Amino acid sequence: MIENIRLSFRGILSHKMRSFLTMLGIIIGIAAIIAIVSTIQGTNEQIQKNLIGSGVNNVRISLNQGDWEYDYSSGIPDGIVPVTDEQLADLRKIRHAENVSLYHQRQDYDGVYHAATSLSGGYVMGIDTSYLDAAGLQIRSGRGISSEDLLHFRKVCLLDTDSSNSLFQGEDPLNQTIEIRGEPFVIVGTVGDKESFQPLIKTMTDYYTYSGEKSGKVYIPSTCWPVLYQYDEPEYVVIRADKTENMTAIGKDAESILNQNISGDYTYKAQNLMEQAKQIQQLSQSTNTMLIWIAAISLLVGGIGVMNIMLVSFTERTSEIGLKKAIGAPKKAILIQFLTEAVVLTSLGGILGVITGIILAYLISNLNGTPVAISVPASVFAVAFSMAIGIVFGILPSYKAANLDPIEALRRE
Amino acid sequence: MLLELKDICRNYGTGQAVVVALKNACLQVNEGDYIAIMGPSGSGKTTLMNVLGCLDKADSGTYILDGIDISAMNDNELSDVRLHKIGFVFQTFQLLAGETALDNVALPLIYAGVKKEEREKRAAEALEKVGLGERLSFYPSQLSGGQKQRVAIARAMINNPRILLADEPTGALDQASGRQVMELFRKLNEEGTTVIMITHDANVAKNAEKVMYIVDGELSDHFGGDVHEQ
Ligand SMILES: Nc1ncnc2c1ncn2[C@@H]1O[C@H](COP(=O)(O)OP(=O)(O)O)[C@@H](O)[C@H]1O
Ligand SMILES: [Mg+2]
């Protein structure tokens with residue numbers, strides 16, 4: 001067998017041009033598939049990261065009026081009360097929920113200032129000590145909100161990277177003072193995402209998805225909230241899931257706990273980012289399924305090309321086959337020799353195709369900014385598949401070779 | 001007796017267009033014989049050679065080689081007989097252009113399942129024996145006609161066949177190379193190899209112990225009436 005493979009390689013190398021042309025169909029087909037799959041996978045991972053956050057896995061639940069998130073700046077709706085202690089205890093008992101935190105949130109268009117600089121469109125968040133961990137945030141400098149801060153209604157705050165950039169333009173914000181609704185707050189820390197990620201903004205939809213985050217957030221002790229805004233404002237909930245897969249289920253459970261004693265037009269809804277990500281992924285997948293079909297057709301054509309070239313090459317190889325049979329090669333040996341040649345040829349084409357595909361994927365990525373994720377299983381499958389093409393399309397020519405009449409073959413000079 | 005042909009007939013085509021290539025051919029060859037078969041073009045020499053070499057099957061008659069009835073064998077058994085009992089030498093050498101002299105000679109050993117090292121050792125010895133020990137890694141295109149034919153002879157002998165069959169072995173060679181090949185045949189025959197050689201050159205045929213003639217598919221011990229020129 002090794003002997004056969006060695007001989008096949010020698011045969012392929014002695015007809016470099018012809019072998020290359022034979023492999024071309026396979027190379028193009030496999031390269032196309034690998035490039036497409038790598039781009040799809042890269043895009044999907046990007047979508048998932050952008051929407052869900054880099055592995056932070058937090059589920060946010062907010063009050064909705066109809067299809068829209070309710071904005072508490074227009075007052076507290078009738079019958080809506082803050083989350084009760086029993087509800088909080090139930091939320092903590094949800095399976096796969098690692099941490100639960102209640103918080104307030106307000107998009108304050110003209111409420112946050114450092115000297116004359118406004119954080120327009122920024123968010124003010126009222127949080128307790130559990131929030132940073134539940135939301136997957138990390139202290140970058142200074143400290144977080146402590147129980148003392150909460151207990152003594154201290155006017156301290158944390159900035160995230162965006163609000164820090166907007167208000168201080170690169171200056172160190174620690175221990176400086178900002179004004180929220182006219183009240184001075186001392187900055188005691190800055191926070192950031194556990195893993196930084198750069199959202200990919202290519203469309204207006206992307207822009208709207210991320211614009212909120214871009215404008216920055218200011219975190220204050222939740223006990224200070226009534227001073228700035230209003231008493232008894234119901235909280236938002238953030239839950240950290242142990243795994244991305246469990247986010248949807250956790251969201252459902254939390255919704256049913258929070259919606260227990262609510263009626264009318266209002267409901268608590270989990271932001272189902274997993275589902276959103278899936279929908280977008282499916283969309284990109286279906287457009288690419290078509291491309292995969294085209295690549296498959298190209299592989300079929302490639303396979304037929306291999307068969308054709310092999311059949312043609314017999315004319316010039318009849319005397320070789322005839323001689324081998326005359327000196328005692330059994331049919332099986334000839335069959336295996338030709339089949340090995342076909343498989344070596346197409347596998348080589350497959351390997352070259354994978355390499356070309358990877359290069360192509362990076363090229364596409366450079367051109368239009370889509371990320372690349374090389375799939376090892378897809379590459380292995382592609383090579384295995386081209387091997388199979390070699391067998392399928394090599395069997396007929398090999399069978400013909402094995403059954404060649406040596407007398408005829410030797411006469412034909 | 002090494003081989004025996006009895007009333008072998010071989011026809012090509014059917015009906016009106018039938019060509020009788022062999023007509024009741026009978027032949028007996030003993031171990032160590034050196035036989036030349038002469039005949040004009042189209043007389044059935046190659047057909048006879050193909051039957052003797054188990055490449056072709058007779059339409060009727062029996063062929064016993066080394067005590068085995070060849071007529072009853074299937075394809076795989078026939079290739080096994082060709083591999084182990086028969087050595088072929090062709091007019092046009094039939095070397096594989098892409099392989100070295102050594103690999104050409106070693107080729108039958110692949111099918112005999114011999115390991116690579118052993119193959120190369122034996123092929124080198126065989127080439128040594130035909131006087132080409134210095135040219136193991138030459139390709140056929142780098143060898144003269146006479147050298148090519150000697151490579152082919154080394155290949156034919158590599159599996160120690162019971163019989164060496166040669167179809168016009170000097171047909172494509174100049175006189176000097178032809179003489180070298182005849183010299184080699186004589187040496188092999190002296191060492192005990194049975195040789196059957198086809199030729200239409202009387203000078204070449206003289207090298208054999210016994211000359212037989214074939215005319216219009218009929219094989220006989222003596223010079224037939226029609227064969228004036230040969
Ligand atoms: N495959 C074939 N089909 C039809 N006729 C053939 C075939 N092979 C040989 N013949 C005919 O059989 C006769 C003997 O041919 P061959 O044995 O090749 O003669 P030689 O080798 O003596 O020149 C010739 O008349 C030739 O035309
Ligand atoms: Mg002939």
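The values are calculated or read from the model by the stated rules, or taken from the named source; none is laboratory data. Since the model is a prediction, treat every value here as computed from it, not as a measurement. Note that we place each Cβ from the backbone using ideal geometry, even for glycine, and neighbour counts take in every protein chain shown. In case anyone asks, the SASA skips ligands and DNA or RNA and just uses the protein heavy atoms, side chains included. Shrake-Rupley method; radii C 1.70, N 1.55, O 1.52, S 1.80 Å.
Tabulated data for the structure shown
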item: Crossing angle, helix A:16-52 versus chain A [Cα axis fit, 0-90 degrees, rounded to tens]; result: 10 degrees
item: Cα Rg over Rh - the stretch A:328-377, Kirkwood; result: 1.35
item: Helix B:75-85 vs. chain B, principal-axis angle (Cα, 0 to 90°, nearest 10); result: 60 degrees
item: Anisotropy class of the stretch B:73-129 from Cα gyration tensor, a/c 1.5 cut; result: oblate
item: Spin-label pair A:Arg411/B:Asp221, simplified geometry with 7 Å Cα→Cβ offset, distance in nm; result: 3.3 nm
item: All-pairs alpha carbon distance profile, the stretch A:58-242, 5 Å steps from 0, percent; result: 1, 7, 15, 20, 21, 18, 11, 5, 1, 0
item: Reduction of at least 10 Å² in accessible surface, 1.4 Å probe, comparing all protein chains with the chain by itself, residues of the stretch B:93-123; result: B:Gln94, B:Leu96, B:Gly98, B:Glu99, B:Asp103, B:Leu107, B:Pro108, B:Ile110, B:Tyr111, B:Lys116, B:Arg119
item: The protein assembly as shown - accessible surface per residue (Å², probe 1.4 Å); result: 48 Å²
item: Most to least packed among A:290-297, B:75-82, A:174-181 [average Cβ atoms within 10 Å]; result: B:75-82, A:174-181, A:290-297
item: Relative contact order (percent, whole number), chain B, Cα cutoff 8 Å, 6+ residue spacing; result: 29 percent
item: Residues B:Thr62 and A:Phe20, FRET efficiency given R0 of 45 Å [Cβ-Cβ distance, rounded to 0.05]; result: 0.25
item: DSSP-defined beta bridges in the stretch A:58-242 - what % are antiparallel, rounded to 5; result: 75 percent
item: Scattering profile of the stretch B:1-106 at q = 0.25 Å⁻¹ [log10 I(q)/I(0), Debye over alpha-carbon scatterers]; result: -1.47
item: Cα gyration tensor shape for the stretch A:17-134, rounded if a/c is under 1.5, else prolate or oblate; result: prolate
item: Chains A and B together, accessible area buried on both sides, 1.4 angstrom probe, square angstrom; result: 1900 Å²
item: Chain A, relative contact order [Cα under 8 Å, separation at least 6], %; result: 30 percent
item: B:Leu2 long-range amide H proximity, modeled H, under 5 Å; result: B:Val29, B:Asn30, B:Glu31
item: R0 of 35 Å, Cβ-Cβ distance A:Gln169-A:Asp71: FRET efficiency to nearest 0.05; result: 0.75
item: Apportionment of accessible area to carbon and sulfur, chain B, percent (1.4 Å); result: 45 percent
item: Computed [θ] at 222 nm, helices only, for chain B once each DSSP H run of length n ≥ 4 contributes -39500 (n - 2.57); result: -10000 deg cm²/dmol
item: nm² value of the averaged projected area, convex hull over the Cα atoms of the stretch B:73-169; result: 6.1 nm²
item: Coordinate range along principal axes, alpha carbons of chain A, Å, largest first; result: 106, 47, 33
item: Helical mean residue ellipticity (222 nm; -39500 (n - 2.57) per DSSP H run of 4+; nearest 500) of chain A; result: -18500 deg cm²/dmol
item: Protection-proxy order for peptides A:387-399, A:64-76, each taking the mean of Cβ atoms within 10 Å per residue, highest first; result: A:387-399, A:64-76
item: In Å², nearest 10: area of A:Met23 left accessible to a 1.4 Å probe; result: 10 Å²
item: Between 0 and 90°, nearest 10: helix A:2-14 axis offset from chain A longest Cα axis; result: 90 degrees
item: Fully extended contour minus Cα-Cα distance, from A:Val376 to A:Val81, at 0.36 nm per residue; result: 101.0 nm
item: Shielded by partner chains, the stretch A:384-413 residues - at least 20 Å² of accessible area, 1.4 Å probe, vs chain alone; result: A:Pro406, A:Ile407, A:Leu410, A:Glu413
item: Rounded, prolate or oblate (a/c below 1.5 giving rounded, otherwise prolate when a/b exceeds b/c) for the stretch B:3-220 by Cα gyration tensor; result: prolate
item: Value in Å of the Kirkwood radius, where the stretch A:110-197 supplies the Cα pairs that are averaged; result: 13.3 Å
item: Surface share of carbon and sulfur [accessible, 1.4 angstrom probe, percent] for chain A; result: 59 percent
item: Full-extension gain in nm, A:Ile304 to A:Met1, via 0.36 nm per residue minus C-alpha separation; result: 106.6 nm
item: Threshold 50 Å², the stretch A:312-338 residues less accessible with all protein chains present than alone (1.4 Å probe); result: A:Leu323, A:Ala326, A:Ile327, A:Gly328
